[in-house]
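The values are calculated or read from the model by the stated rules, or taken from the named source; none is laboratory data. The structure presented is a predicted model; accordingly, all values stated were derived computationally and were not measured. Cβ placement follows ideal geometry from the backbone for every residue including glycine, while neighbour counts extend to all protein chains displayed. To get the accessible areas, we keep the full protein, side chains included, count just its heavy atoms, and leave off ligands, DNA and RNA. Shrake-Rupley method; radii C 1.70, N 1.55, O 1.52, S 1.80 Å.
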Amino acid sequence: MTAATTAENTAAEAAPVLAPRVTPVIAARHGALLTWRSLVKIKRNPEEILGLTFMPLMFVALFVFVFGQAMMGDWQAYRDFIIPGIAAQSVIFATIGTGVALNTDIEKGIFDRFRSLPIARSAPLVGAILGDLVRYALTVVAVLAVALLIGYRPSGGLLGVVAAGGVVLLFAFALCWLSAFMGLLLRTPMAVNIFGSIWMFPLTFGASTFVDPDRMPSWMAAFAEVNPVTHVTDTMRGLMEGGPVLQPLAWTLVWVAVLIGIFFPLATRAYRNRA
Amino acid sequence: MTDAIRAEGLVKRFKEQTALAGVDLTARKGAVLGVLGPNGSGKTTTVRILATLLRPDGGYAEVDGLDVVRNPHEVRRKIGLTGQYAAVDQDLSGTQNLVLIARLLGFSRRGARARAAELLARFSLTDAADRAAKTYSGGMRRRLDLAASLVGRPSLLYLDEPTTGLDPHSRNELWDVVRGLVDDGVTVLLTTQYLEEADQLADDIVVLDHGKVISRGTPDELKAQAGSQVLQVRPGDPGLLDRVGRIVEQVTGSEVRTSESSAGASVTDPAVLPEVVRRLDEAGVAIAELTLRKPSLDEVFLALTGHTAETADGAGAGAPTERTSA
Ligand SMILES: Nc1ncnc2c1ncn2[C@@H]1O[C@H](COP(=O)(O)OP(=O)(O)OP(=O)(O)O)[C@@H](O)[C@H]1O
Ligand SMILES: [Mg+2]
């Protein structure tokens, strides 16, 4: 590395002149580049694909074949009931990964590098979250693929399934700002993981995901009725299996707005202030 | 011509902990400013403020005449930062790491590839270009990190303890790189715990201790204060220590510090060594050990402050040379 210390000036291309201000177009380009970075990491870590797809597959198989008979008398009926629930649960759990990845970047000093570059301030956050949306989509596809394999034929058809996927991804997009906020606030990736998981469990199980709230004790049912995960799952069920859509969808959208309204500003502020 | 960096009265507090208690420093354009200090003295905090990553609680700092708090974006266009811990994406290859940064800085796809290849070659990483950075050795990762901070051809480069943890060979290589950059006109702010490193590279040195500047000057001025070398004599018979101490004091003309078994003093002229040997011989003192070495950071601190370099967490500062209990 000593030989070419002055080759610096004979570079193939001089550093481009940087735009004096970050325009929205430039900011979008920066966000896209960092999304690319996030996606390269999926390819580099086969174990991550396993985590995103294999876990949901296990859930489908175990819930359908272990609980199905006992819950509804035949596993096919239970399968049709819980596929939307498992898709929602898997994606919601995957949002923890957003916070963990952000925290890891901070811990490794990679965020410092980005923040010391003359780029759009939002870009690292945007890139991380857009990359994660692709991860969430992968999870939904994995659940649906295995569901199809064990004979699931949603009456809502392709259109219903795609719409349901869109709804759960929208909710995940809102929820990942909460995860990002935690990732920026807490000290270690481990802490983010533990904190995230702790309340993902009541959130995803205390809902209509696996059991109809009508069959829960009244206090649990009351919790499930207001739980956003119930609204998301019910919307997906309506779209995939037929049934009421408008009311749960309206509630889902309210929750999406509330989550983004609270945690988007909190996360962006924490991101700016993180020492 | 304005200075590359001007900082006045920088204060930074973390809860109860005062990391910086009013730091003033200037870096001349095209020169190397060495910031020397033990663990916890505030080196990283200073760099982070000057690199717009941290807002000071008091004081102000400018880079090329631009306020780091009010014009962070403009400042970022001029600086390159190599932090204390290599900040490369472990999952990306060497090429991908550099291309990503080049693209973020507005290079075309082809231009980015060319710049990446050029920097990888310069840092002897061409063979590892397409491997994930997590497979790199610590030294390779540091070089990639430095390469990453040079992508945009910064006119001001921050290096936070760039050689800590490197073997002597890699350390020398890195020193050569820094010299090469300076030849190209880059201003460098370098933090280090090693007096020798500051001596080798810096045109000016600022010594930090407990968030305050306790000394500043050229390496020569600093060494004149601390002595450029330390002479240590251990007589075969510990009972003769007092006599040894007097002889060392007479020859070197500087204050002698004695431990249980040896006497030591700062030396500015190495020619005193034969003189000490002759005098000890005349006095009939058998010498068990006699060393002439560079002063450790502890000794510099002792000379400058009257206390050893105590770190925030109570441990002594590491130094490349052997440490003595004075
Ligand atoms: N984010 C932080 N939160 C709390 N305290 C901090 C933080 N960063 C630094 N400090 C404290 O500020 C003081 C100065 O730290 P700094 O990292 O600047 O020292 P340093 O000279 O770089 O040390 P080292 O040689 O160990 O890298 C230390 O006492 C440290 O504990
Ligand atoms: Mg430091």
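If you go through the stretch A:228-252 and pick out every residue that is in a helix (DSSP H, G or I) and over 22 Å from the mean Cα position of the chain (by Cα), you end up with 3. Answer with yes or no whether A:ALA147 is in contact (Cβ under 8 Å) with a residue 60 or more places away in the chain, farther than 30 Å from A:ARG272 by Cα and small (Gly, Ala, Ser). In short, yes. Restricting B:ILE205, B:ILE214 to those that are farther than 20 Å from B:GLY165 by Cβ, of a type outside the set (Ser, Thr, Tyr), within 10 Å of the chain's Cα centre (by Cα) and outside any loop (DSSP other than H, G, I, E, B) reduces the list to B:ILE205. For the stretch A:254-265, check the following and say yes or no: at least one residue is within 16 Å of ligand 1 (Cβ to nearest atom), of a type outside the set (Val, Ile, Thr) and part of a helix (DSSP H, G or I). No, the conditions are met nowhere in the stretch A:254-265. Selection of first residues in the stretch A:49-76 that are over 26 Å from A:ARG215 (Cα atoms) and of second residues that are open to solvent by 50 Å² or more (accessible area, probe 1.4 Å), restricted to Cβ pairs under 7 Å at least 6 apart or on distinct chains, gives the following pairs, ordered by first then second residue: A:LEU52/A:LEU138; A:THR53/A:LEU138. From the list B:GLY83, B:GLY138, the one residue that fits, being touching a residue at least 40 places away in the same chain (Cβ under 8 Å) and open to solvent by 40 Å² or more (accessible area, probe 1.4 Å), is B:GLY138. The residues of the stretch B:164-195 that are away from ligand 1 (no atom under 16 Å from the Cβ) and under 22 Å from B:GLY42 (Cα atoms), listed by number, are B:THR187, B:VAL188.
Only one entry in B:VAL47, B:VAL35 is within 14 Å of ligand 1 (Cβ to nearest atom), within 18 Å of B:THR187 (Cα to Cα) and either within 12 Å of chain A (Cβ to nearest Cβ) or open to solvent by 10 Å² or more (accessible area, probe 1.4 Å) (or both), namely B:VAL47.
Exactly one residue among B:LEU195, B:LEU120 is modelled with pLDDT of 90 or more and surrounded by 21 or more Cβ atoms within 10 Å (Cβ to Cβ), and that residue is B:LEU120. Applying the criterion of at least 2 residues that are over 27 Å from A:PHE59 (Cα atoms) to the helices (runs of 4 or more DSSP H) found wholly in the stretch A:69-138 leaves A:96-107, A:110-115. Looking only at the stretch A:28-44, residues that are at pLDDT below 90 and either loosely packed, with under 15 Cβ neighbours inside 10 Å or small (Gly, Ala, Ser) (or both) come to 1 in all. Flag: B:GLU62 does not match the condition of being open to solvent by 50 Å² or more (accessible area, probe 1.4 Å), touching a strand residue (DSSP E or B) at 6+ places or on another chain (Cβ under 6 Å), in contact (Cβ under 8 Å) with a residue 24 or more places away in the chain and assigned to a strand (DSSP E or B). Look at (1) in a helix (DSSP H, G or I); (2) open to solvent by less than 20 Å² (accessible area, probe 1.4 Å) and you find that A:VAL162 fails only one, number (2).
B:ARG110 meets the conditions (1) within 22 Å of B:HIS73 (Cβ to Cβ); (2) open to solvent by 50 Å² or more (accessible area, probe 1.4 Å); (3) assigned to a helix (DSSP H, G or I) in every case but one. The failed one is (1).
When the criteria are applied in full, B:PRO154 fails the requirement of being within 16 Å of ligand 1 (Cβ to nearest atom), modelled with pLDDT of 90 or more and assigned to a loop (DSSP other than H, G, I, E, B).
Screening the stretch A:201-227 for residues that are of a type in the set (Ser, Thr, Tyr) and within 23 Å of the chain's Cα centre (by Cα) and picking the one that is surrounded by the fewest Cβ atoms within 10 Å (Cβ to Cβ) gives A:THR204.
Taken over the stretch B:159-177, the criterion of being free of Cβ contacts under 8 Å to residues at least 60 places away in the same chain, crowded, with 21+ Cβ neighbours inside 10 Å and more than 10 Å from every other protein chain (Cβ to nearest Cβ) is satisfied by B:THR163 alone. Against the list (1) of a type outside the set (Val, Ile, Thr); (2) within 16 Å of ligand 2 (Cβ to nearest atom); (3) modelled with pLDDT of 95 or more, the condition B:GLY37 fails is (3). Please specify each residue of the stretch B:1-32 satisfying the condition of being within 16 Å of ligand 1 (Cβ to nearest atom) and open to solvent by less than 20 Å² (accessible area, probe 1.4 Å). B:ALA7, B:LEU10, B:ALA19, B:LEU20, B:VAL23, B:LEU25, listed by residue number.
Taking the criterion of being surrounded by fewer than 21 Cβ atoms within 10 Å (Cβ to Cβ) and at the interface with chain A (Cβ under 8 Å from one of its Cβ atoms), the residues of the stretch B:178-191 that qualify are B:ARG179, B:GLY180, B:ASP183, B:ASP184.
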